[in-house]
Amino acid sequence: MTIIRWRMRPEMERFSGRDYETTTETSLPANCGCLPETNIRKHKDHYLIDMAAPGRKKEDFTISLEDNTLTLSYEKQEKESGENETAHFLRREFKDESFSRHFTLPETTDKEKISARYENGILTVNIPFEDPEKDKLTKRIHVN
């Protein structure tokens, strides 16, 4: 899986519409503006992508694969107007926002076996791959 280091300013600006400072890497927000925050783990035969997305329903996520690009997205559902119509936030630290994250998968990905689950506010995507070292033959040949 191609993991692009956090120096993703051009890509981030294109996807998020935000303009980041270009002075130093430390000038980026703590989570690099990548919402929602995501962990990627590599195991022996698969990757796991864990995405923090609390307060949503599993039906709200769209996961698609085009060529080697995996896209995880969520489209904000409009809330019914009602009692909160007249409420004003005194402090707002979280929002229900739409998002779309893109990941480039390795050529060895078993695309038919990609699976996902949503549990306790975490969307987990399992991406199996074949180990390119698996089929390599190591053999000692005796010289006569």
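THR138 falls short of the stated requirement of being over 18 Å from the mean Cα position of the chain (by Cα), modelled with pLDDT of 85 or more and of a type outside the set (Gly, Ala, Ser). When each of ILE40, ILE3 is tested for being modelled with pLDDT of 90 or more, β-branched (Val, Ile, Thr) and under 21 Å from LYS113 (Cα atoms), the lone residue that passes is ILE40. Name the single residue that is modelled with the lowest pLDDT among those in segment 50-69 being touching a strand residue (DSSP E or B) at 6+ places or on another chain (Cβ under 7 Å) and over 16 Å from ARG117 (Cβ atoms). So, considering only residues that are touching a strand residue (DSSP E or B) at 6+ places or on another chain (Cβ under 7 Å) and over 16 Å from ARG117 (Cβ atoms), the one modelled with the lowest pLDDT is ASN68. The residue list TYR47, TYR20 contains one member that is among the aromatic types (Phe, Trp, Tyr), in a strand (DSSP E or B) and either modelled with pLDDT of 50 or more or surrounded by 11 or more Cβ atoms within 10 Å (Cβ to Cβ) (or both), which is TYR47.
The values are calculated or read from the model by the stated rules, or taken from the named source; none is laboratory data. Fair warning: this is a prediction, and the values are worked out from it, not measured in the lab. Cβ sites come from the backbone with ideal geometry, for glycine too, and all protein chains shown count toward neighbours.
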